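Structure first, then comments.
The values are calculated or read from the model by the stated rules, or taken from the named source; none is laboratory data. What you see is a predicted model, and the numbers here were worked out from it, not measured in a lab. No Cβ is skipped: glycine too gets one built from the backbone with ideal geometry, and neighbour counts run over all protein chains shown.
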There are 2 protein chains.
Amino acid sequence: MLDERKQRILQAIINDYISSAEPVGSRTIARKYDLGVSPATIRNEMADLEMLGYLEQLHTSSGRVPSSKGYRFYVDGLLPHQEMSENEKALIDKWYKAKVRRVEEVFQETAKIISRVTKNISLVLAPQLSQAAFRCLQFLPLDGRRVIAVIMTDAGFVENKIVEMPDGATFEDFRRMSNVINKVLAGHTFDMISSESLQRIRDEIMDSTLYDAALELIHRSLDTEKTERLYLGGTTQLLNQPEFRDVGKIKDLLLMLEEEQLLKDILHAHLGDGLSVTIGHENKYSGIQDCSIVTATYHLDGELLGTIAVLGPTRMEYGKAMSLLSYMNNNLAEIIKQLRW
Amino acid sequence: MLDERKQRILQAIINDYISSAEPVGSRTIARKYDLGVSPATIRNEMADLEMLGYLEQLHTSSGRVPSSKGYRFYVDGLLPHQEMSENEKALIDKWYKAKVRRVEEVFQETAKIISRVTKNISLVLAPQLSQAAFRCLQFLPLDGRRVIAVIMTDAGFVENKIVEMPDGATFEDFRRMSNVINKVLAGHTFDMISSESLQRIRDEIMDSTLYDAALELIHRSLDTEKTERLYLGGTTQLLNQPEFRDVGKIKDLLLMLEEEQLLKDILHAHLGDGLSVTIGHENKYSGIQDCSIVTATYHLDGELLGTIAVLGPTRMEYGKAMSLLSYMNNNLAEIIKQLRW
DNA sequence: GTTAGCACTCACTTATTCAGAGTGCTAACA
DNA sequence: TGTTAGCACTCTGAATAAGTGAGTGCTAAC
């Protein structure tokens, strides 16, 4: 374990590096932070901290830079707990109020706010509905050949699909079909729709072309309901960070950000962790091993959940990101509920 | 007017510059393109072309670069008409088939394809529905307090909204309301819904709280139907272009690309022009005066329209972009119709 | 244990040189 | 008169060299 002075020095170094983005030397620390010791002493301590793996040196005669381990220690132990100021909270509330009309816009706007406040990239994973319970299905006639299926879930989401009627089928057949499906599936989450349920529907419908139509409809619903949406914000913030002065690096990261599935996987890894911080090399995906991710999982009606995250260089204002995500987290469920009516 | 030889030289220079991105000198032209004259002669011609404003020189002793006027002449007169090869067409069709399930995905995928093929940024403006005709509205009961409104348009789009019932109103009231609205608005485009129609609805409903609910519903529909969506593709392609080796320029353009309204305005300016090319300084918005935009307007059922576009440095493969957009244009309406069922 | 002093390292900046590509001009040529 | 070869000149970009400054590690004194 690090003694008191080493901790204070490490903290000073990380604070300084986070705000300056320059390798920090003993002299700077001695001057800016009043630790009551000379640069030489700090140099010795820094050498120790490097030995222990908390700091790194780019070349023999440059200042030190925090390592992943250093940041980890900082985040776990040295970081003073921060809260958003009332001012900031009010500002965020105002942004939401001004912009948000539809549920979709909540996620979009959340991403924007996070990136604006943290000056980093934000990721917002909207809840997937596979854990929502099926509530009911109704058909509406569209024209002679087609009907509209309206599907509702317990969480209050509504979707519609246009369905082609098989030859010979009537709207009355479809109404009968909806009764069967409603009876069998009511209360089932989309995840839980099993082959057994399908079998029951088949038995009750007793008409194979109708059953096929029902099956296709259910599959199409599952398809859309299961795909969760990912909202990205602030990719241009990247360009202001000195660690991305190089076009090659920008390209690498932007290309990665286009790989939606990869991003989803990364966020999934932290689903349910509450507030979690992953630093530099702790990241499994090598493309972001000089970045850190702060994630927070939010809940909606107990079950349904999504994730919001900040992605930025390891040199990141962790305190700010964490306090912001906590706040957004609490807000988000509330705002979505209000909007859903 | 330029004589035959000047034209051929201009063409050669532009071709070369488009593929090399390097200022091109007399020697290169003489060597690569068999014009039957010596570099010295070409030098003289190039000096003339510069005088006439078709070429520019960065400094006294560098090769020449085409000016906006030069590209304009090239696009209008020198560009051989190109068609997509059957191979490419087949490839594109395959991409669509593999990826596209929902109407929304058509636009998304179109943007992706355009950027992939042209290696530039693509813009796809999805048709706004304000010109779609209202077809019918139906209500479904959701729970005691709320109903679902399902709105259909002639173009085959279906939307739903959750509506809160005013105190004391019953589902039967809403059913009656839908009858009135359907009678009055049937066949009206969203653009055409006038205060007169609203007045008629008011007269028929004869209940001010119910009328308020109806009004709100109509407004909400107009809100969503009127906002057209913009899909962007290939922003990372930017980073491969040598003209964007500089981080500052990347930032400027990426920031501009975040201004959705601005982009829409730019596309709107060309709405209905068919295939249109805007080069460099011809652009009104100063942020893209070293870029060119190729746009094409597509139609859906005569009225409904949108725009697809390629945005890239003035040094762009105009022929490729134009032939691709023409092809996509023809395809797009077809694919959307098929998908809509 | 702490600190001052000093030699040393390394990146970054500035200046200089040099090669290469390209031009414009002149004079010769067909 | 239009075309071309030749040549002096210009400018960029890469390579090299020297100088500067921030920072370190080590040693010896406090």
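Scan region A:9-28 for residues that are assigned to a helix (DSSP H, G or I), modelled with pLDDT of 95 or more and either near DNA strand C (Cβ under 9 Å from one of its atoms) or not polar (S, T, N, Q) (or both) and the total you get is 8. Going through (1) outside the structural domain of B:THR314 (by TED's automatic domain parsing); (2) in contact (Cβ under 8 Å) with a residue 60 or more places away in the chain; (3) within 22 Å of B:HIS299 (Cα to Cα) one by one, B:ALA149 falls short only on (3). Note on region B:184-208: residues that are within 39 Å of the chain's Cα centre (by Cα) and free of Cβ contacts under 8 Å to residues at least 12 places away in the same chain total 5.
Conditions (1) of a type in the set (D, E, K, R); (2) within 32 Å of the chain's Cα centre (by Cα), marked per residue:
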| position | (1), (2) |
| --- | --- |
| B:ARG101 | yes, yes |
| B:SER115 | no, yes |
| B:THR118 | no, yes |
| B:SER122 | no, yes |
| B:PHE139 | no, no |
| B:ASP143 | yes, no |
| B:ILE148 | no, no |
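Restricting attention to region B:143-152, report how many residues are surrounded by 18 or more Cβ atoms within 10 Å (Cβ to Cβ) and modelled with pLDDT under 80. Of the residues in that region, 0 qualify. Looking across region A:1-36, the residues that are in contact with an Asp or Glu (Cβ under 9 Å, 6 or more places away or on another chain) and of a type in the set (S, T, N, Q) come down to A:SER19, A:SER26, A:THR28.
Taken as a whole, region B:244-263 holds at least one residue that is touching a Ser or Thr at 6+ places or on another chain (Cβ under 8 Å) and more than 25 Å from B:GLU105 (Cβ to Cβ). Restricting attention to region B:1-60, which residues are at positive phi and in contact (Cβ under 8 Å) with a residue 12 or more places away in the chain? Within region B:1-60, B:ALA21, B:GLY53 meet the criteria.
The one condition from (1) without any contact (Cβ under 8 Å) to a residue 40 or more places away in the chain; (2) more than 12 Å from chain B (Cβ to nearest Cβ); (3) buried (at least 17 other Cβ atoms within 10 Å of the Cβ) that A:ILE181 does not meet is (1). No other residue among B:ASP191, B:ASP203, B:ASP212 is assigned to a helix (DSSP H, G or I), closer than 17 Å to B:ALA132 by Cβ and more than 14 Å from every other protein chain (Cβ to nearest Cβ) apart from B:ASP191. Yes or no: A:GLU204 out of contact with any strand residue (DSSP E or B) (no Cβ under 9 Å at 6 or more places or on another chain), more than 24 Å from A:ARG146 (Cβ to Cβ) and assigned by TED's automatic domain parsing to the domain that holds A:PHE157? No. When residues in region B:157-178 are screened for being part of a helix (DSSP H, G or I) and either within 14 Å of chain A (Cβ to nearest Cβ) or in contact with a helix residue (DSSP H, G or I) (Cβ under 9 Å, 6 or more places away or on another chain) (or both), 7 of them pass.
Within region B:215-239, the set of residues being at pLDDT 85 or above and within 8 Å of another protein chain (Cβ to nearest Cβ) comprises B:THR235, B:THR236, B:LEU239.
Only one of the numbered conditions (1) at pLDDT 90 or above; (2) touching an Asp or Glu at 6+ places or on another chain (Cβ under 9 Å); (3) within 14 Å of chain B (Cβ to nearest Cβ); (4) surrounded by 15 or more Cβ atoms within 10 Å (Cβ to Cβ) is not met by A:LYS264, and that is (3). Restricting region A:58-68 to residues that are exposed (fewer than 15 other Cβ atoms within 10 Å of the Cβ) and not β-branched (Val, Ile, Thr) leaves a set whose member that is nearest to DNA strand D (Cβ to nearest atom) is A:SER61.
Among the residues of region A:212-254, those that are basic (Lys, Arg) and within 30 Å of A:VAL184 (Cβ to Cβ) comprise A:ARG220, A:LYS226, A:ARG229. For A:ARG135, the test of being under 30 Å from A:ARG176 (Cβ atoms) and either surrounded by fewer than 20 Cβ atoms within 10 Å (Cβ to Cβ) or among the basic types (Lys, Arg) (or both) is passed. Exactly one residue among A:ASP48, A:ASP16 is within 11 Å of DNA strand D (Cβ to nearest atom) and more than 30 Å from A:ILE113 (Cα to Cα), and that residue is A:ASP48.
Sub-8 Å Cβ pairs linking a first residue in region A:255-272 that is within 20 Å of A:ALA296 (Cβ to Cβ) to a second residue that is at pLDDT below 90 and surrounded by 13 or more Cβ atoms within 10 Å (Cβ to Cβ), at least 6 apart or interchain, are A:LYS264/A:GLU228; A:LEU271/A:LEU305; A:GLY272/A:LEU305, ordered by first then second residue. Report yes if A:VAL37 is surrounded by 14 or more Cβ atoms within 10 Å (Cβ to Cβ), modelled with pLDDT under 95, outside the structural domain of A:VAL294 (by TED's automatic domain parsing) and not in a helix (DSSP H, G or I), otherwise no. When the stated conditions are applied, A:VAL37 passes them. Among the numbered criteria (1) within 30 Å of A:PHE139 (Cβ to Cβ); (2) under 14 Å from the mean Cα position of the chain (by Cα), which single criterion is violated by A:THR297? That leaves (1) as the condition not met.
With respect to being acidic (Asp, Glu), within 16 Å of DNA strand C (Cβ to nearest atom) and over 23 Å from B:GLY187 (Cβ atoms), B:GLU88 falls outside the description. Of the helices (runs of 4 or more DSSP H) entirely within region B:44-153, those holding at least 1 residues that are within 14 Å of chain A (Cβ to nearest Cβ) and under 21 Å from B:SER292 (Cβ atoms) occupy B:103-118.
Selection over region A:268-282 of residues that are in contact with a helix residue (DSSP H, G or I) (Cβ under 8 Å, 6 or more places away or on another chain), under 16 Å from A:LEU123 (Cβ atoms) and surrounded by 16 or more Cβ atoms within 10 Å (Cβ to Cβ) gives a count of 1. Considering only residues in region A:69-93 that are of a type in the set (S, T, N, Q) and without any contact (Cβ under 8 Å) to a residue 60 or more places away in the chain, the one that is farthest from DNA strand D (Cβ to nearest atom) turns out to be A:ASN87.
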